[in-house]
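First up is the structure itself, then whatever we jot down about it.
The values are calculated or read from the model by the stated rules, or taken from the named source; none is laboratory data. None of these values were measured; they are calculated from a predicted model. Because the Cβ atoms are built from the backbone with ideal geometry, glycine has one as well, and the counts that use them run over all protein chains shown.
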Amino acid sequence: MTPEGNSFSTNVSSHPDPTGDRRAVLPVRRDAGAPPTPSPPKPVSVDDMLSQLRTPEGGKRRRRSEQPIYANRRRRRIIIGLVLGISTLVLGSWYGFRFFQRLRLEGETFREGLNRRISSAVGCHVEFTRIHDGGDSSLSAVEGRFDTNYEELLASGDFTGINARLTSTSWVSSEWGIEQLSITRGTLTFDPQRVPTTADSMRLVPQSSGRKKEGGVRFSIDPEPDIITLDKLRFTGGLDIEWPSGASNRKPEAIRGLRGHTNFSGPGAMNGGFAGGTIELNELPEIRIVQLNWTVKGRQLEIPGAILLIGNGDAQAEVSGKADLSRDGTLDLNVSIQSTLLNRLLPIAWHERVGGMFSAKDATFRATFGKGPERKIEGDFTLEGGILRGLPFLNKLAIALQRPDFSQVEFPQLT
């Protein structure tokens, strides 16, 4: 390339022939030279290798795993692994223990031992069915029943939906502390007129032989604990109390649907209160219970106060009294009835035949459980504006005397 004036020229044509020879344009290809000869590795001694592993100051270089960032990461992984391992072991042990304990609680051996211990404690035959772990430190049973011998006024009891809330120490010792015993439904049957049968001797459970107190710590609950304490009893669905009537058909009379609680204040002593429920007596209207407070010590029942509604609720009665809960015992009540329509206190067959306002103050009601006199009520009664109409003897008297007005008798005031 040579300069000519203000322009340059090359040996390449400004209009090259694309089909012509291009060797004049491209540079000449150089021949490949001989490959380089590899040099042998430089021999290194062990001392040289160790010296190369040291820092210029002469200190030993740390391994990668010993460097701070990698050491902390490794330590953290070990701690996390230990925590997960211990947690898995604890949870597995706990659920495994609960699983085997549930199998034990639902087994026949545990149920029979519990039945034997409770029967020995209360002195009569007790039978629970299908015991299982109720959760939240509680034991549950689907059904329960007890039967006494013929010498007792209380003949039997049937219960469903039983749940006992235990203290935490009850699961690891030979003492049961029942904080609350909840029962969904229950029925108590009183029968002072029953006679001894062969079944009575079969139902009796002998007292357990002198068992030594074990004490110490257990790994599971004991079906036959040395000590059982009960603080509170509650009926959530209703308690029924039944007894045979003196009628020829022995149709049972009853108190049904009682809801309330019972507190145990000492050996053989308890007190409680009920709300709701109805009293069903033969040939009398239905009596509803508003409130009933009671205490029991041994066989003595005391009712410090109760409020009852008779019939449709128009008549209110206040009741208090006591009872001897034995086969030959009696029930004595003091009754005061506010002024109310007389027909509300009588069966429906009398509603059209009587009238007037009735009241009673400090009347006494007495009934005998065994073979004693019939129940009776005495006291000061007042009837204002009393009316008797349509009675058979009044109709006969009106016809005999030809006085139609005698078919209805009025009493302005009768005491």
Original post:
Does the range 324-331 contain at least one residue that is aliphatic (A, V, I, L, M), under 24 Å from Asp191 (Cβ atoms) and within 33 Å of the chain's Cα centre (by Cα)?
Top reply: yes
**OP:** Being at pLDDT 90 or above and of a type in the set (A, V, I, L, M) is the filter here, so list the residues in the range 286-307 that pass it.
**Re:** Ile289, Val290, Leu292, Val296, Leu301, Ile303, Ala306, Ile307
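Residue check: is Ser156 under 24 Å from the mean Cα position of the chain (by Cα) and in a loop (DSSP other than H, G, I, E, B)?
no
If a residue must be over 14 Å from Thr236 (Cα atoms) and either among the hydroxyl-bearing types (Ser, Thr, Tyr) or surrounded by 13 or more Cβ atoms within 10 Å (Cβ to Cβ) (or both), how many such residues does the range 254-268 contain?
Counting residues in the range 254-268 that are over 14 Å from Thr236 (Cα atoms) and either among the hydroxyl-bearing types (Ser, Thr, Tyr) or surrounded by 13 or more Cβ atoms within 10 Å (Cβ to Cβ) (or both) gives 5.
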Original post:
Is it true that Leu114 is at pLDDT below 85, under 21 Å from Asn163 (Cα atoms) and not basic (Lys, Arg)?
Top reply: no
Original post:
Is there any pair with a first residue in the range 144-173 that is of a type in the set (Phe, Trp, Tyr) and at pLDDT 85 or above and a second that is buried (at least 16 other Cβ atoms within 10 Å of the Cβ) and in a strand (DSSP E or B) whose Cβ atoms are under 6 Å apart and which are 6 or more apart or on different chains, and what are they?
Top reply: Phe146/Val126; Phe146/Gly157; Phe159/Gly144; Phe159/Ile183; Phe159/Gly186
